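Accompanying notes for the structure given below.
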Amino acid sequence: MDLEDLDLHQQRLQHVAGQLRASGARRVLDLGCGTGTLLLYLLHEPQFETLVGLEQSGELLAQAQLRLGDWPEAEQGRLRLVCGSYAEPQASLVGFDAAAMVETIEHVPPETLSQVERCVFGVLRPGLLVLTTPNHDYNPLFGLARGEFRDPDHRFEWTRDRFRDWAWGVAHRNGYRVRLSGIGEWHSDLGQPTQLARFIR
């Protein structure tokens, strides 16, 4: 976030919220919800009858609770925050219309990606999953050296080719279709700063 401007962050949230809205989804999961920024966007939309944020960090979840807890929707049960990992089965979160993973998968240790795939696509199985992650090819435009990541907490950042291969593999193995796109300013050689995959079951 330090290397990216606020406009790109807002573009991501608006784009993902728009995709969820256009899908007609009513029950939505935010997997790796952080401090609840996307959930705040979604709470403004009456279409979303049930919103659940899942976050492993207790500190971030507490910040989300402070940000969202005063909303009447939270008190009415429309919004729920859950402390947990999307790399572990969550029986109560199975069968939602849609889910989002916004700039979160790059924080996962690479050796647990297969476990994340099994839990998210094999157990939770949302009808739609919208996932965003940095485009490593674009990093030189942020002044980064070869192999350097945008955030010190990132465990990896995928090039466009690597992201495409991963997304296609996940879709094929789990009975989903996937469409790839991007968010942010287009560069003819490097693509867009944010990569997006839209998985449809």
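Using the Karplus curve 6.51 cos²θ - 1.76 cosθ + 1.60 with θ = phi - 60°, work out ³J(HN,Hα) for each residue of region 166-175 in order, rounded to whole Hz, and write x for Gly and Pro.
Karplus values, whole Hz, x for Gly and Pro: 5, 5, 5, x, 4, 4, 4, 6, 10, x.
Find the accessible area per residue for the chain; the probe is 1.4 Å, ligands and nucleic acids are left out, and the unit is Å².
Each residue of the chain exposes 49 Å² on average to a 1.4 Å probe.
With an 8 Å cut-off on Cα pairs and a minimum separation of 6 or more residues, tell me the relative contact order of the chain in percent.
Relative contact order for the chain comes out at 20 percent.
Would you kindly work out the equivalent ellipsoid of region 79-129 from its C-alpha gyration tensor and give its semi-axes, the square roots of five times the eigenvalues, largest first in whole Å?
17, 12, 11
About its Cα centre, how strong a charge dipole does the chain have in debye, to the nearest 20, once Lys and Arg get +1 and Asp and Glu get -1 at the Cβ?
Using Cβ point charges on Lys, Arg, Asp and Glu, the chain gives about 1000 debye.
Among GLY191, GLY147, GLY127, which one moves the most in a GNM of the chain with springs linking Cα atoms closer than 10 Å?
It is GLY147.
Could you put ILE183, ILE200 in order of accessible surface area, largest first, with the 1.4 Å probe and the full protein assembly present? Provide the component values of the computation, followed by the final result.
Working: ILE183 5, ILE200 45 Å².
Descending order: ILE200, ILE183.
How large, in percent, is the carbon and sulfur part of the accessible surface of the chain at a probe radius of 1.4 Å?
The value for the chain is 48 percent carbon and sulfur by accessible area.
Output ³J(HN,Hα) for region 82-91: one whole-Hz value per residue in order, computed from phi by the Karplus curve 6.51 cos²θ - 1.76 cosθ + 1.60 with θ = phi - 60°, and x for Gly and Pro.
Values, residue by residue: 10, 8, x, 10, 7, 8, 10, x, 10, 4 Hz.
With all protein chains present and a 1.4 Å probe, how do ARG160, ARG179 order by accessible area, largest first? Show your work: numbers first, answer last.
Values: ARG160 85, ARG179 175 Å².
Accessible-area ranking of ARG160, ARG179, largest first: ARG179, ARG160.
The values are calculated or read from the model by the stated rules, or taken from the named source; none is laboratory data. Model, not experiment: these values are computed from the prediction. Cβ: placed from backbone, ideal geometry, glycine included. Neighbour counts: every protein chain shown. These area figures cover heavy atoms from the full protein model, side chains too; ligands, DNA and RNA do not enter into them. Shrake-Rupley method; radii C 1.70, N 1.55, O 1.52, S 1.80 Å.
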